[in-house]
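Inspection log for the structure reproduced underneath, given as structure tokens.
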Amino acid sequence: MDRAVVLIGVSKTGDCPALQAVHPGVQRMAQWARSQGMTEENKRLRVLTDETAEVRAHQITDVIEAIVARTTVEQLIVYFSGHGVNNHYSEYWLLSRAPGNANEAINVKPSLELAKFCGIGHVVVISDACRTAAHGIQALQISGSVMFPNESVTEEEQSVDVFYACARGRPACEVKDLIGAAREYSGIYTEVLTECLNGDHAELLEEDDEDSTRGLVRPKRLKNYLQNKVPERLRSKIGRELLISQIPDAQINSHNTWLSRISGYSATASQVIPVSRSPWISPFRFSEALVAHAMANDVQQWRQVLTSAATVPSIAPLKEATETYLPSFGPTHFETRCGFKLRGAQVEQVYCYGTKINIVDSDGSLIRVEPLSKYKALVLIELRNGTGVVMPAIPDFIGALIFDQNELVSVSYEPSSNTSRWNEYARRQEEFRMLRASIAASIGLGLFRLTVDEALTLIRQLRIAEGVDPSLALYVAYACHDLQRRDLIKKIGSDLSADLGVTFFDVGLLGGDQGEDRSNSNLVTPPFPMLAQGWPLLPAFHAKCSALLNTLHLHLLPSVWTLFDQRGVARLKAAITAGEIR
């Protein structure tokens, strides 16, 4: 297999403290690459670090473009060690001139999207960087650059695997070994990763079908091993109980491939990787268990899992969010059979083109939408703090919006109780609220994952339910996108159109409908992503938008669901009043 590796290390950027473990980590990865036959001499190894000079975005794109242009490379591994931030639910690697130069960062999500069509059969991206929220004006305005060519070499998606050193919102730790003699700084993730790639953990290896004396490190098994081993290593390095945690994340889409080939393999030395005795200690496992029991409508087991987490600090945020999103609130119907109800925020004004809307209570928490003459209407909800959100008003549904600390964290649509849809919902409302709470809490913390079988089951359940809470379709669409199953996303879109007469922008985008001018579409709503994680994908999908929509990303606020600042609200108000978007 023709393979290549690009190693990037940036220890210093902006006002961030210098990272001590970056260069040693890159050196470890380089040593491993050479042992696998990828060297500087055969141009299969490229190293870009700031040991002697700045690392710039164009250097990275030039190196990857040259590798892609060879057309012979079958596997490309891109590794980064340095500072990272999470901004509007995209990942950014900060390069030497960031954040002062907004382009001098790597925007990871659209890079992964373009990697699928670059012509290389298997792309692996490894990120040993923090995924904490961006703070300050400079960091929030980082736009970044994509590191793969912005052109499709192939129409069929190729496998892209991504390994993260930590969960979203968490730091990637480098610590000084307080137990060992050297007392050197080490990046915990890279330390364990390189041990695994070098074959130091025999239980991780699988026998090579072509040669029984060689062992293979495969992506899926490596993912599971790292999730167990990295927290253990961090605990051993610190030498005491941890006040922080680091549990790696990964999304694996490849099949029957490998990352490392080790000579001297012995089947007797290889053992089955033990399953953790504390199945809920990981937020990912906790999320998986909640979603699985909710899908099975197993209320008793679901509540048992939730209760079992009471004393586990690492999963407290997920438990609390799930319990917060679970209860229903506000009225179950409006006379007009359409409207919105809010919790955690108050409405100042509402705007809509072509349909009458009213704030019907003094608290500013209830919005009534008059009967709709069309399938949909867009409502701009301006909050009393000046921020705002655009939501589709869907006939026969009440939209429920939950805000927490000025962030829109949950959106759901429940049938109005005076419609024909209500009986189906009432029969299964506990099941749907349980499922929605589990998924909304998980996606807000970056923990939501589905297997292909689970995605198929959910799509089938949503179809049988005849549109009960169509917001669930958005969550499932993004999970299918992570699975690289565009066919399933298209199915979700067609089901929404058949049931509601419309589909959501996010579903159309993820389904690969790049050519449509969504700003004028009567079938797609709204004319931009509803979930904030969709915005960074717009350039990679070549989405066609109006001049107004092309600048709205500058007015996004940190939020799970798309939320605009005061200037964004003002621009949207003018556009809706003029009928530019409706």
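The values are calculated or read from the model by the stated rules, or taken from the named source; none is laboratory data. Just so you know, these numbers come straight off a predicted model, no measurement behind them. FYI the Cβ positions are ideal-geometry reconstructions off the backbone, even for glycines, and counts take in every protein chain you see. Ligands, DNA and RNA are excluded from the accessible area calculation, which covers all protein heavy atoms including side chains. Shrake-Rupley method; radii C 1.70, N 1.55, O 1.52, S 1.80 Å.
General observations
- FRET efficiency, R486 to K223 (Cβ-Cβ, R0 25 Å, nearest 0.05): 0.65
- Here is the size of region 79-228 from its Cα atoms: Rg then Dmax, 17.7, 56 Å.
- Amide H contacts of L408: V560, W561, each under 5 Å away and 5 or more positions distant or on a separate chain (H built 1.01 Å from N in the peptide plane; Pro and chain starts excluded).
- Charged neighbours of R449, selected by a Cβ distance under 10 Å, balance to -4 (K, R count +1; D, E count -1).
- Under the Karplus curve 6.51 cos²θ - 1.76 cosθ + 1.60, θ = phi - 60°, whole-Hz ³J(HN,Hα) for region 207-218, x wherever Gly or Pro sits: 5, 6, 4, 7, 7, 5, 8, 10, x, 10, 9, 9
- Separation of alpha-carbon centers, region 427-500 and region 1-52, rounded to whole Å: 39
- Summing +1 for each Lys or Arg and -1 for each Asp or Glu among the other residues whose beta-carbon sits under 10 angstrom from that of D361 gives +1.
- Sequence-distant aspartates and glutamates (8 or more away, or on other chains) whose Cα lies within less than 16 Å of K220: D161, E203, E206, E207, D208, D249, D482
- Cross-linked pairs K12/K176; K319/K490; K109/K223; K109/K490: Cα-Cα separations exceed 23 Å for K319/K490.
- Surface share of carbon and sulfur [accessible, 1.4 angstrom probe, percent] for region 63-196: 48
- Seen against the Cα atoms of the chain and their longest principal axis, helix 486-500 is set at about 10 degrees.
- Highest mean first, the peptides 356-364, 488-496, 408-416 sorted by other C-beta atoms within 10 Å per residue fall in the order 408-416, 488-496, 356-364.
- Backbone N under 16 Å from the A570 label point (7 Å along Cα→Cβ), restricted to region 379-405: 382-383, 385-388
- Nearest 10 degrees, 0 to 90: helix 283-295 Cα axis against the chain principal axis: 40
- Modelled FRET efficiency - R0 22 Å, A498 with T419, Cβ distances, 0.05 increments: 0.80
- Backbone N within region 99-121 under 13 Å of label point (7 Å from H135 Cα along the Cβ vector): none
- FRET efficiency, E320 to Q349 (Cβ-Cβ, R0 35 Å, nearest 0.05): 0.65
- Residue-wise HN-Hα couplings along region 48-57, as the Karplus relation 6.51 cos²θ - 1.76 cosθ + 1.60 with θ = phi - 60° gives them from phi, are 10, 9, 9, 4, 10, 7, 5, 9, 10, 4 Hz; Gly and Pro carry x.
- 0 to 90° range, to nearest 10: angle between helix 422-444 axis and the chain longest Cα axis: 40
- 5 angstrom amide H check on S260, placed H, neighbours 5+ away: V217
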